[in-house]
1. Within region 57-67, is there a residue that is under 18 Å from Leu22 (Cβ atoms), surrounded by 15 or more Cβ atoms within 10 Å (Cβ to Cβ), touching a residue at least 60 places away in the same chain (Cβ under 8 Å) and out of contact with any helix residue (DSSP H, G or I) (no Cβ under 6 Å at 6 or more places or on another chain)?
2. Failed condition for Phe148, given (1) within 16 Å of the ligand (Cβ to nearest atom); (2) at pLDDT below 95, with all others met?
3. Consider Ile137 carefully, then state whether it is within 16 Å of the chain's Cα centre (by Cα) and under 22 Å from Ala52 (Cβ atoms).
4. When region 1-38 is examined, which residues are found to be more than 14 Å from the ligand (Cβ to nearest atom), assigned to a helix (DSSP H, G or I) and under 14 Å from the mean Cα position of the chain (by Cα)?
5. Kindly check whether there is at least one residue in region 39-55 that is more than 15 Å from the ligand (Cβ to nearest atom) and among the β-branched types (Val, Ile, Thr).
6. Please go through region 28-45 and pick out each residue that is buried (at least 19 other Cβ atoms within 10 Å of the Cβ) and either out of contact with any Gly (no Cβ under 7 Å at 6 or more places or on another chain) or within 19 Å of Leu122 (Cβ to Cβ) (or both).
7. Give the number of residues within region 70-95 that are assigned to a helix (DSSP H, G or I) and either in contact with a Cys (Cβ under 6 Å, 6 or more places away or on another chain) or over 18 Å from Leu111 (Cα atoms) (or both).
8. Exactly one of (1) within 14 Å of the ligand (Cβ to nearest atom); (2) assigned to a loop (DSSP other than H, G, I, E, B) is unmet by Leu63. Its number?
Amino acid sequence: MKIGIGSDHAGYRLKEELKKYLRKEGYVVVDFGTKSPKATDYPQYALRVAEAVGKKEVERGILICGTGLGMVIVANKIKGVRATCCNDLFSARLSRLHNDANVLTLGGRILATEFACEIVTLWLETPFSRGKHSRRINQIKRIEKEKFV
Ligand code: RB5
């Protein structure tokens, strides 16, 4: 699976750790920046990763800022993106089972590396449960079609 990853300065350290972990696990990881811990602004990185997911250049996206909150706000502006901020295992699991999330956002100032790796693994390995949840995803797609330019 090809994964796009991005962070601002507050997520940089965790991004680098997750990149190493994911590559060791056999995933193909494309890094959309930031390239150093120097202070920067999160929207540009969220946009790059979310667009890559929206255009299906990568299958999934992972975005890290201080909390995961700025990243999730930006990523959900992009058509085709269902981004969820999951700083716990339950949300990570349900965001796949119920919401078919294709972008995961994380808080680099909240999570320890090992726990973040657990969240990411669960999120990548949990399938969408379909059934009644497909109906709801189709409703989201209809809203997107009507409201997005
Ligand atoms: C940067 O200080 C911080 O605001 C940012 O990383 C993020 O948490 C925003 O939502």
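1. Yes: region 57-67 contains one or more residues that are under 18 Å from Leu22 (Cβ atoms), surrounded by 15 or more Cβ atoms within 10 Å (Cβ to Cβ), touching a residue at least 60 places away in the same chain (Cβ under 8 Å) and out of contact with any helix residue (DSSP H, G or I) (no Cβ under 6 Å at 6 or more places or on another chain).
2. (1)
3. Details: within 16 Å of the chain's Cα centre (by Cα): no; under 22 Å from Ala52 (Cβ atoms): yes.
Answer is no for this residue.
4. Initially, region 1-38 is screened for residues more than 14 Å from the ligand (Cβ to nearest atom), giving 1-5, 16-32, 35-36.
Now restrict to residues that are assigned to a helix (DSSP H, G or I): 16-24.
Within region 1-38, Leu18, Lys19, Leu22 meet the criteria.
5. From region 39-55, those more than 15 Å from the ligand (Cβ to nearest atom) are 48, 51-55; that's our starting set.
Add one more test, that the residue is among the β-branched types (Val, Ile, Thr), and what stays is 53.
The answer is yes; a qualifying residue exists.
6. Filtering region 28-45 down to residues buried (at least 19 other Cβ atoms within 10 Å of the Cβ) leaves 29, 32, 34, 42, 45.
Hits for region 28-45 are Val29, Thr34.
7. Quick first cut of region 70-95, residues assigned to a helix (DSSP H, G or I) only: 70-75, 89-95.
Adding the requirement that they be either in contact with a Cys (Cβ under 6 Å, 6 or more places away or on another chain) or over 18 Å from Leu111 (Cα atoms) (or both) leaves 71-75, 92, 94-95.
Selection size over region 70-95: 8.
8. (2)
The values are calculated or read from the model by the stated rules, or taken from the named source; none is laboratory data. Owing to the predicted nature of the structure, the values given are computational and were not obtained by experimental measurement. Quick reminder, even Gly has a Cβ in these numbers, built from the backbone with ideal geometry, and neighbours come from all protein chains shown.
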